[in-house]
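K.L.:
Shown below is the structure under consideration.
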Protein chains: 2
Amino acid sequence: MAGKQRVEQAVVSVKRGVAQAESICKQNHARLTPLRRRVLELVLISRKPVGAYKLLEDLKHDDFSDAPPTVYRALEFLLTHGLVHRIAKSNTYVACTHPHDDHHGLMFVCRECGEAIESEEHRLLQDIGRCGDEHGFRIPNQIVEIEGICSACRMN
Amino acid sequence: MAGKQRVEQAVVSVKRGVAQAESICKQNHARLTPLRRRVLELVLISRKPVGAYKLLEDLKHDDFSDAPPTVYRALEFLLTHGLVHRIAKSNTYVACTHPHDDHHGLMFVCRECGEAIESEEHRLLQDIGRCGDEHGFRIPNQIVEIEGICSACRMN
DNA sequence: TTATGTAACGTTATAATATAACATCTTCAG
DNA sequence: CTGAAGATGTTATATTATAACGTTACATAA
């Protein structure tokens with residue numbers, strides 16, 4: 001069944017995501033503490049970008065403090081190390097699918113269902129950089145957020 | 001003096017912006033009421049993207065209600081008619097510099113000073129649309145927000 | 001090994017941004 | 001003029017995020 005397979009894939013990708021995070025944190029001499037690891041897992045488990053207070057709900061069930069700074073501090077850490085991205089238009093957070101340094105990218109976000117797909121289109125990002133230059137802007141590594149409608153939602 | 005000239009230009013552009021808005025609203029059978037016009041003026045006057053509560057402050061001095069819905073409703077109207085844009089990363093609002101229908105665009109936003117420059121790079125926007133297509137995303141007209149550092153801030 | 005400084009986390013309070021819901025007033029088509 | 005839709009006023013509250021300060025855990029150097 002498609003559902004079961006998808007869940008199994010998700011479990012695998014959570015494991016892989018955490019493993020990548022371990023490796024990156026090691027490189028950066030950063031500590032992936034139980035709390036931070038758990039927040040990352042929750043973001044990885046979520047199939048869509050997820051809000052901070054939703055994560056906080058889930059953390060409650062895990063004996064962590066249920067006060068907002070708990071989740072916001074963990075998210076800040078994960079953002080700093082490029083393990084998750086923040087989607088400004090929906091105030092949500094999503095796991096990075098290509099976590100490594102110098103990470104440019106496009107993030108397509110469905111305005112209907114919230115699904116987000118990350119893409120690394122090198123040439124396009126270069127063009128955006130050039131366009132910024134023309135206006136005096138230097139564009140640092142970042143995720144450019146683009147709102148659209150995904151194919152699934154167009155069917156409905 | 002550069003300062004004076006800039007203020008005069010600003011006044012001109014406020015007049016022009018309001019005139020364009022008048023025209024667009026007329027076309028759309030929409031009413032640019034005193035409140036909405038005033039909010040648009042305030043956004044036009046501001047040299048940088050401005051927050052809703054800052055606008056609300058200014059509205060107080062003009063005998064409008066100082067409750068949040070006042071400004072948010074006016075902003076919603078202006079957004080709907082493409083007269084202002086919302087910058088999600090900073091929760092701010094900025095006047096559109098090319099107000100017309102079917103408006104695609106890039107918005108470069110300085111992460112230091114907040115300055116925003118709007119650009120219509122037709123080819124680049126097409127490329128972004130194509131890239132979305134490849135991932136099953138349909139990209140409607142919208143402003144793509146890109147964070148960077150402006151030349152003035154790089155000097156400092 | 002213990003002292004010690006820094007990082008992480010807990011806790012309380014509050015800031016900043018935005019919307020819901022309902023009452024009243026205005027406008028304008030018929 | 002009137003009635004319906006639109007615009008605004010008003011009160012309350014939701015949602016997202018951070019400040020400030022105390023405590024605990026951790027790395028590491030003496």
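The values are calculated or read from the model by the stated rules, or taken from the named source; none is laboratory data. All of these numbers come straight from a predicted model, not from anything done at the bench. Glycine gets a Cβ as well: all are built from the backbone with ideal geometry, and neighbour counts include every protein chain shown. With ligands, DNA and RNA removed, areas are computed over all heavy atoms of the protein, side chains included. Shrake-Rupley method; radii C 1.70, N 1.55, O 1.52, S 1.80 Å.
K.L.:
Is it true that A:SER13 is modelled with pLDDT under 95, touching a helix residue (DSSP H, G or I) at 6+ places or on another chain (Cβ under 9 Å), under 20 Å from B:GLU145 (Cβ atoms) and of a type in the set (S, T, N, Q)? Spell out how you get there, then give the answer.
P.N.:
On the way: modelled with pLDDT under 95: yes; touching a helix residue (DSSP H, G or I) at 6+ places or on another chain (Cβ under 9 Å): yes; under 20 Å from B:GLU145 (Cβ atoms): no; of a type in the set (S, T, N, Q): yes.
No; evaluated as a whole, the condition is false for this residue.
K.L.:
Here is a further query. Would you check which residues across region B:114-127 are open to solvent by 20 Å² or more (accessible area, probe 1.4 Å), within 20 Å of the chain's Cα centre (by Cα) and without any contact (Cβ under 8 Å) to a residue 24 or more places away in the chain and list them?
P.N.:
Of everything in region B:114-127, those that are open to solvent by 20 Å² or more (accessible area, probe 1.4 Å), within 20 Å of the chain's Cα centre (by Cα) and without any contact (Cβ under 8 Å) to a residue 24 or more places away in the chain turn out to be B:GLU120, B:GLU121, B:HIS122.
K.L.:
Additional query: Output yes when any residue across region A:77-100 is among the hydroxyl-bearing types (Ser, Thr, Tyr), more than 22 Å from B:MET107 (Cβ to Cβ) and modelled with pLDDT of 95 or more, and no when none is.
P.N.:
Applying the first criterion (among the hydroxyl-bearing types (Ser, Thr, Tyr)) to region A:77-100 yields A:80, A:90, A:92-93, A:97.
So of that shortlist, the ones also more than 22 Å from B:MET107 (Cβ to Cβ) come out as A:80, A:93, A:97.
Next, only the ones that are modelled with pLDDT of 95 or more stay: A:80, A:93.
Yes, there is a match, as at least one residue in region A:77-100 is among the hydroxyl-bearing types (Ser, Thr, Tyr), more than 22 Å from B:MET107 (Cβ to Cβ) and modelled with pLDDT of 95 or more.
K.L.:
Any idea which residue in region A:62-100 is surrounded by the fewest Cβ atoms within 10 Å (Cβ to Cβ), counting only those that are without any contact (Cβ under 8 Å) to a residue 40 or more places away in the chain and away from DNA strand C (no atom under 13 Å from the Cβ)?
P.N.:
Selected residue: A:HIS98.
K.L.:
Are any residues in region A:128-156 within 18 Å of B:GLU134 (Cα to Cα) and open to solvent by less than 10 Å² (accessible area, probe 1.4 Å), and if so, which ones?
P.N.:
Residues satisfying the conditions are A:VAL144, A:ILE146, A:GLY148, A:CYS150.
K.L.:
Shifting gears a bit: Does B:ARG47 meet the test of being assigned by TED's automatic domain parsing to the domain that holds B:ALA19 and within 15 Å of DNA strand C (Cβ to nearest atom)?
P.N.:
Working: assigned by TED's automatic domain parsing to the domain that holds B:ALA19: yes; within 15 Å of DNA strand C (Cβ to nearest atom): no.
Considered against the rule, which asks whether it is assigned by TED's automatic domain parsing to the domain that holds B:ALA19 and within 15 Å of DNA strand C (Cβ to nearest atom), B:ARG47 comes out as no.
K.L.:
Considering (1) on the phi > 0 side of the Ramachandran plot; (2) away from DNA strand D (no atom under 16 Å from the Cβ), say which one B:LYS54 fails and leave the rest.
P.N.:
(1)
K.L.:
Anything in region A:28-58 that is touching a residue at least 24 places away in the same chain (Cβ under 8 Å) and open to solvent by less than 30 Å² (accessible area, probe 1.4 Å)? List them, or say none.
P.N.:
Those that are touching a residue at least 24 places away in the same chain (Cβ under 8 Å) and open to solvent by less than 30 Å² (accessible area, probe 1.4 Å): A:ALA30, A:VAL39, A:LEU40, A:VAL43, A:PRO49, A:VAL50, A:GLY51, A:ALA52, A:LEU55.
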